[in-house]
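A.B. asks: Sharing a structure below in structure tokens format, with a few things to ask.
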Amino acid sequence: MSEPTPRRGSKGERTRARILDSATELFSRSGFHAVSLRDIAAHAGLTHAGLLHHFPGKESLLIEVLSRRDEVDGELMHGRDVELSPEELLDRIVDQVARNMGTPGLVGLYVKISGEAADPGHPAHDYFVKRYRGLRRQASWLLGILFARSTPPLPHDPGAVAQQLIALIDGLQTQWLLDPDQVDMRAAVITFLRQLGLDPKP
């Protein structure tokens, strides 16, 4: 089940939010290809024509669903009008992993759609290519600072470790979805970071 969007704003904004909530839930459950716009419209309590008034097609709706989640995560990661230290940003990454454990529908969406999007013809292919490039760049920058600030400096390659960290989180998400009682994603990420010599908050 997706996280509900706060029902604020105009009637049109509330309708768009309802469509996005329905699309998130159905894409999470069945993937992109198995869900039709008519399915999403019915789930949102709209006609097919009513949905098309807000979104021109399924591809644009999918990208909007994915982008909305990234915007929420960005606000939670960086805060609003607050400059965080590298150490605080590392703690925010761990906190985000913990938050994901409370939103299995959204985690399932990313796992399912990112796998489908490995096909260059998938409408979300370019989105995920850019997203992972951005994640690797940001993680490499952050880890490089943290490694250099350690005493003594840690001799790790920030780019290589960034790839490993992202791969760890993605792999843990799949294992957690399959067997949530046996997989603690937050604890596993903390263990990995401590093995590198970093010190995220417990």
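The values are calculated or read from the model by the stated rules, or taken from the named source; none is laboratory data. It should be emphasised that the depicted structure is a prediction, and the values quoted were computed from it without experimental measurement. Cβ placement follows ideal geometry from the backbone for every residue including glycine, while neighbour counts extend to all protein chains displayed. SASA here: full protein model, heavy atoms, side chains in, ligands and nucleic acids out. Shrake-Rupley method; radii C 1.70, N 1.55, O 1.52, S 1.80 Å.
A.B. asks: Hey, any hits in the stretch 171-185 for a residue that's more than 14 Å from the chain's Cα centre (by Cα) and farther than 30 Å from Ala34 by Cβ?
C.D. replies: yes
A.B. asks: Which residues, counting only those in the stretch 149-188, are of a type outside the set (S, T, N, Q), open to solvent by 70 Å² or more (accessible area, probe 1.4 Å) and over 17 Å from Met101 (Cα atoms)?
C.D. replies: Hits for the stretch 149-188 are Arg149, Pro152, Pro153, Pro155, Asp157.
A.B. asks: Next question, about the same structure. What number of residues within the stretch 41-52 satisfy the criterion of being surrounded by 13 or more Cβ atoms within 10 Å (Cβ to Cβ) and either at pLDDT below 90 or within 13 Å of Arg18 (Cβ to Cβ) (or both)?
C.D. replies: Selection size over the stretch 41-52: 7.
A.B. asks: Quick check on the stretch 107-127: of everything there that is closer than 21 Å to Trp176 by Cβ and without any contact (Cβ under 8 Å) to a residue 60 or more places away in the chain, which residue is least open to solvent (accessible area, probe 1.4 Å)?
C.D. replies: It comes out as Ala117.
A.B. asks: Here's something else I'd like to know. Restricting attention to helices (runs of 4 or more DSSP H) lying wholly within the stretch 110-202, give those where 2 or more residues are of a type in the set (Phe, Trp, Tyr). Break it down stepwise before answering.
C.D. replies: Numbers: elements: 125-149, 158-178, 185-195.
Passing ranges, in order: 125-149.
A.B. asks: Moving on. Taking only pairs six or more apart or across chains, which ones have beta-carbon atoms under 8 Å, a first residue in the stretch 186-200 that is among the acidic types (Asp, Glu), and a second residue that is not in a helix (DSSP H, G or I)?
C.D. replies: Sorted first by the residue in the stretch 186-200, then by its partner, the list stays empty.
A.B. asks: Considering only the stretch 11-40, state which residues are open to solvent by less than 60 Å² (accessible area, probe 1.4 Å) and not in a helix (DSSP H, G or I).
C.D. replies: Initial filter on the stretch 11-40 (open to solvent by less than 60 Å² (accessible area, probe 1.4 Å)): 12, 15, 17, 19-28, 30-32, 35-37, 40.
The answer is Gly31, Phe32, Val35, Ser36.
A.B. asks: Would the stretch 147-163 turn up any residue that is at pLDDT below 95 and under 22 Å from Ser28 (Cβ atoms)?
C.D. replies: There is no residue in the stretch 147-163 that is at pLDDT below 95 and under 22 Å from Ser28 (Cβ atoms).
A.B. asks: Within the stretch 53-60, identify whether any single residue is modelled with pLDDT under 90, part of a helix (DSSP H, G or I), more than 20 Å from Ile166 (Cα to Cα) and open to solvent by 60 Å² or more (accessible area, probe 1.4 Å), and answer yes or no.
C.D. replies: yes
A.B. asks: Say we look at the stretch 61-105 and pick out the residues that are open to solvent by less than 70 Å² (accessible area, probe 1.4 Å) and over 15 Å from the mean Cα position of the chain (by Cα); which of these is modelled with the lowest pLDDT?
C.D. replies: Per the stated criteria, the residue is Gly79.
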